[in-house]
Amino acid sequence: MSQADVETVRRWAWAFDNDTDAFCRLTHPDIEWMPYEDNHTPSVGLEGALRIRNAWSDAWDEHAAHIEEILEHDGDVFASVLLTGRGKSSGVGVEVRLYAHFKLRDGAVVYLYEHQDRSAALNAMGLGD
């Protein structure tokens, strides 16, 4: 397992919640991100990544991303992520589990596809259940 890639993904997930500057440093300028909440419509570039991050942050009073499982295979990283939040307007708590397929380049996240199915994420990386 490439410990450097795994640690980059862990730091990126932490920065998503906590540190805009670190998030920008750990996000490749050419990132392609397919978020589930946008029906996997690709968002390209750092500006798009910040838009996704800020939209998530703006919607919640409390929010956190907890990595439950992480694997590396041939330079790709799989992470099972539990996202929790409490709506700013509604006060309603939400839990969403995503299965993220990351690719890294130059020590930064350059690709992220948010799967809702664990098997699909593992298959996309060339791993079976």
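Below are the figures for this structure:
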| read-out | value |
| --- | --- |
| Qualifying residue in segment 80-100 (condition: in contact (Cβ under 8 Å) with a residue 40 or more places away in the chain, at negative phi, buried (at least 16 other Cβ atoms within 10 Å of the Cβ) and out of contact with any helix residue (DSSP H, G or I) (no Cβ under 8 Å at 6 or more places or on another chain)) | no |
| Single residue of 106, 129, 76, 117 found to be over 10 Å from the mean Cα position of the chain (by Cα), at pLDDT below 90, over 14 Å from residue 13 (Cβ atoms) and among the charged types (D, E, K, R) | 129 |
| Every residue from segment 111-121 that is under 13 Å from residue 98 (Cβ atoms) and surrounded by 14 or more Cβ atoms within 10 Å (Cβ to Cβ) | 112, 113, 114, 115, 118, 121 |
| Verdict on residue 61 being open to solvent by 50 Å² or more (accessible area, probe 1.4 Å) and of a type in the set (Asp, Glu) | yes |
| Residue pairs meeting the criteria (Cβ under 8 Å; at least 6 apart or on separate chains; first among the small types (Gly, Ala, Ser), in segment 103-129; second assigned to a strand (DSSP E or B) and open to solvent by 30 Å² or more (accessible area, probe 1.4 Å)) | 120/99; 121/99; 121/113; 124/113; 126/73 |
| Residues that are in contact (Cβ under 8 Å) with a residue 12 or more places away in the chain and either open to solvent by 80 Å² or more (accessible area, probe 1.4 Å) or not small (Gly, Ala, Ser) (or both), drawn from segment 64-79 | 66, 67, 68, 70, 71, 72, 73, 74, 76, 77, 78 |
| Looking only at segment 25-57, and only at residues there that are touching a strand residue (DSSP E or B) at 6+ places or on another chain (Cβ under 7 Å) and of a type in the set (Asp, Glu), the one that is most open to solvent (accessible area, probe 1.4 Å) | 30 |
| Any pair with Cβ under 9 angstrom, 6 or more apart, that starts in segment 29-54 at a residue that is over 17 Å from residue 102 (Cβ atoms) and ends at one that is acidic (Asp, Glu) | 37/114 |
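The values are calculated or read from the model by the stated rules, or taken from the named source; none is laboratory data. As the structure is a prediction and not an experimental result, all values here were calculated from the model. No Cβ is skipped: glycine too gets one built from the backbone with ideal geometry, and neighbour counts run over all protein chains shown. When the accessible area is computed, the model is the full protein with side chains, heavy atoms only, and any ligands, DNA or RNA have been set aside. Shrake-Rupley method; radii C 1.70, N 1.55, O 1.52, S 1.80 Å.
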